[in-house]
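Data block below; observations after.
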Amino acid sequence: MSRPPRTLITGGAGFIGSHLCERFLAEGHEVICMDNFITGSPDNIAHLIGHERFHFIHHDVTNFIYVEGPLDYVLHFASPASPVDYLKYPIQTLKVGALGTHKALGLAKAKGARFLLASTSEVYGDPLVHPQPEDYWGNVNPVGLRGVYDEAKRFAEAMTMAYHRYHGVDVRIVRIFNSYGPRMRLDDGRALPTFMTQALKGEPITVYGDGSQTRSFQYIDDLVEGIYRLLMSDYVGPVNIGNPEEISILEFAKEIIELTGSKSEIVFKPLPADDPKVRQPDISLARRVLGWEPKVSRREGLRRTLEYFKQRLGLTGS
Ligand code: NAD
Ligand code: UDP
């Protein structure tokens, strides 16, 4: 091919999308980043503006998507992603999962591009199987508050497989587990940014419920590597990408207090409705078909993320 591969990343100005833009530029792709900034920010991509292979299009992907010229890959990452965000934007979340996925798939079909859907561990809901393998169908409350996100992603997966089976579109589905790192919004309400911000400001750390619920946190660089390998693989069907190191939320809060050297105390608040009690990826499939596993320990990942949070809060001391 005489031209570089051309890749569209919807939601490219978000936390994960902006890291993907960087990675695909580094791999020599021409990257078209598309976003409407509903939960993302121009700050996340400011350093890429002016790069000769980077383009930005301000667009809401629930409307018809027009991209001039050829496309080789379409990565659909647009969607509010933190519980606080999707509770604030329930209709937009359903629309971007349904209409946005439809538009992005239609574009991939028209261009003959390979399509990758950003799905989520939330498709497993409050899981009754632990850890969660890809062939577990999940336990989701469709009419609960979290249903707007979980069902949108489940619909998006179904739509993706329908385009594959009916139209022959080449598709990949990544089921992403809780991920963290630089460029998370400080106020997105997720446990990590909330705890880190509270710890650095010396405010009480808000643990929901008794903190016995578990999560398994993955550093952004591991996630990006897993997504890249999946896209370049020939595996069709959902693949979990996450770090199986599981921890209770109470222990996680204590870990952040220790890491930051904070004097914050822990306070307990009511557990939100339908909050999953456990979550841990079974990554046997990713190991087998992608030769992938996480490399960054939680300690190291949190240390790197702390630097970013200190900078954002003006606490670097320089
Ligand atoms: P984010 O909110 O930082 O990024 C999402 C981006 O999509 C934002 O820039 C937002 O402005 C954009 N967007 C939303 N609706 C749009 C629309 N209609 N048109 C155009 N742009 C739109 O969230 P994130 O954490 O980077 O998540 C990215 C993707 O990964 C999401 O699809 C999310 O569901 C998925 N995911 C994330 C995690 C995680 O731990 N962060 C876990 C599982 C799945
Ligand atoms: N959580 C918490 N305090 C907070 C924010 C979140 O105890 O200030 C809990 C939340 O109830 C959940 C866990 O931390 O059990 C992870 O929440 P997050 O929003 O990060 O992700 P998700 O619930 O989508 O896994």
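Rounded to the nearest Hz, the phi-derived 3J(HN,Hα) couplings of segment 192-197 under the Karplus curve 6.51 cos²θ - 1.76 cosθ + 1.60 (θ = phi - 60°) are 5, x, 5, 5, 5, 5, where x marks glycine and proline. With K and R counted +1 and D and E -1, the other residues having a Cβ less than 15 Å from that of Gln198 yield a net charge of +2. Here the Karplus relation 6.51 cos²θ - 1.76 cosθ + 1.60, evaluated at θ = phi - 60°, turns the backbone of segment 162-176 into coupling constants of 5, 5, 5, 6, 8, 9, x, 5, 7, 10, 9, 10, 9, 9, 8 Hz, with x for every Gly and Pro.
Here the dipole of the chain is about 320 debye; that uses its Cα centre as origin and unit charges on the Cβ of Lys and Arg (positive) and Asp and Glu (negative). With R₀ set to 30 Å, the beta-carbon distance separating His51 from Val236 gives a calculated FRET efficiency near 0.40. For Ile205, the residues whose amide H sits under 5 Å from its own are Glu265, Ile266, Val267, ignoring neighbours fewer than 5 places away on the same chain, with H placed 1.01 Å from N. Residues considered: Ala110, Ala162, Ala273. Largest GNM mean-square fluctuation over the chain, using C-alpha springs under 10 Å, is found at Ala273.
Please give the residues of segment 193-217, grouped as numeric ranges, whose backbone N is less than 15 Å from a label point set 7 Å along the Cα-to-Cβ vector of Tyr308. Only 193-197, 217 fall inside the zone, counting backbone N under 15 Å. Springs between Cα atoms under 10 Å define the GNM used for the chain, and in it the highest mean-square fluctuation of Phe195, Phe54, Phe77 occurs at Phe54.
Between Tyr166 and Glu203, the FRET efficiency estimated from the beta carbon spacing at R0 = 51 angstrom works out to 0.45. Between Glu251 and Lys263, full extension at 0.36 nm per residue minus the direct alpha carbon distance yields a gain of 2.7 nm.
Once you keep just the Cα pairs under 8 angstrom separated by 6 or more residues, what percentage relative contact order results for segment 46-129? So the answer I get is 38 percent. Rounded if a/c is under 1.5, else prolate if a/b is larger than b/c, else oblate: which is segment 272-318, with a ≥ b ≥ c the root eigenvalues of its Cα gyration tensor? Cα axes put segment 272-318 in the oblate bin. The local environment of Arg23, defined by Cβ-Cβ distances under 14 Å, has a net charge of -3 under the rule Lys, Arg +1 and Asp, Glu -1.
Charge dipole (Cα centre; +1 on Lys/Arg Cβ, -1 on Asp/Glu Cβ; no other charges) of segment 188-232 amounts to roughly 40 debye. Placing +1 on the Cβ of every Lys and Arg and -1 on the Cβ of every Asp and Glu, with no other charges, gives segment 101-220 a dipole of roughly 620 debye about its Cα centre. Got the relative contact order for segment 182-305 handy, in percent, Cα pairs under 8 Å and 6 or more residues apart? It comes to 38 percent, rounded to a whole number.
With the simple model of a label 7 Å out from the Cα in the direction of the Cβ, Asp275 to Ile91 spans 2.9 nm. With θ taken as phi - 60° and the Karplus curve 6.51 cos²θ - 1.76 cosθ + 1.60 applied, the whole-hertz 3J(HN,Hα) list for segment 16-33 is 6, x, 5, 5, 5, 3, 4, 5, 6, 5, 5, 7, x, 6, 8, 10, 10, 9 Hz, x standing for glycine and proline. Each of Val148, Met159, Pro270 was placed along the dipole of the chain (beta-carbon charges, centred on the mean Cα), and the one lying farthest toward the positive end is Met159.
With an 8 Å Cα cut-off and a minimum separation of 6 or more residues, compute the relative contact order for the chain in percent.
Computed value for the chain: 17 percent relative contact order.
When the Cα positions of Val174, Val31, Ile283 are compared along the charge dipole of the chain, Val31 comes out farthest toward the positive end, with charges on each C-beta of Lys, Arg, Asp and Glu. Straight-line reach from Lys109: which lysines have a Cα under 26 Å away, not including same-chain ones fewer than 8 places off? The qualifying lysines are Lys95, Lys153.
Bear in mind these aren't lab numbers, they're just calculated from the coordinates by the rules spelled out. Keep in mind the model is a prediction, meaning the values are calculated, not measured. Because the Cβ atoms are built from the backbone with ideal geometry, glycine has one as well, and the counts that use them run over all protein chains shown.
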